[in-house]
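Coordinate-derived values only; no laboratory data. If you're wondering where the values come from, they're calculated on a predicted model, not measured in any experiment. Counting neighbours? That spans all protein chains shown, and the Cβs are built from the backbone with ideal geometry, glycine included.
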Amino acid sequence: MRAAGEVKVRRVYDDPDPDDGTRVLVDRLWPRGLAKTRAHVDEWPKALTPSTELRRWYHGPDGEYDEFCRRYESELSEPAAAEALSRLRALAAEGPVTLLTATKDPSRSHTSVLLRLLAR
């Protein structure tokens with residue numbers, strides 16, 4: 001069993017693990033081809049996800065990771081996103097939390113930004 005305050009990232013397509021704790025989908029769009037019953041998502045705070053505009057910019061020809069991180073952190077200071085981030089911190093204080101994403105490389109995505117902010 002993992003301690004309170006621990007947050008990890010897993011791909012939403014992976015089977016749930018008993019140690020996942022609260023499973024939070026942190027993607028704006030529902031993962032393709034995944035049934036909601038199979039995903040076992042406890043929360044889906046869309047306000048916590050990168051905006052459609054930011055996501056499109058990052059995956060476009062001008063997208064650059066460090067700039068994406070800066071812009072995403074700026075978006076997270078908006079009231080709805082800040083409230084969702086606060087809720088995520090509260091969940092982590094109560095027990096293990098697993099951030100779920102369809103991203104193939106979470107280390108170069110918004111999940112790494114969330115992990116860094118939650119570690120503060």
Tyr65 paired with Glu83, simple spin-label distance in nm, labels 7 Å along Cα-to-beta-carbon: 3.3
Mean Cα-pair separation over length for the chain, i.e. relative contact order, pairs under 8 Å, 6 or more apart, %: 45
Residue order, fewest to most surrounding Cβ atoms within 10 angstrom, among Thr52, Thr37, Thr98: Thr37, Thr52, Thr98
Selection from Tyr58, Gly95, Ser74 lying farthest towards where the dipole of the chain points positive, charges on Cβ: Tyr58
Hits among aspartates and glutamates - C-alpha to C-alpha of Lys8 under 13 Å, sequence gap 8 or more where chains match: Asp17, Asp19, Asp20
Options (i) 1.06; (ii) 1.02; (iii) 0.98 - which one matches Cα Rg over 2.2 N^0.38 Å as calculated here: (ii)
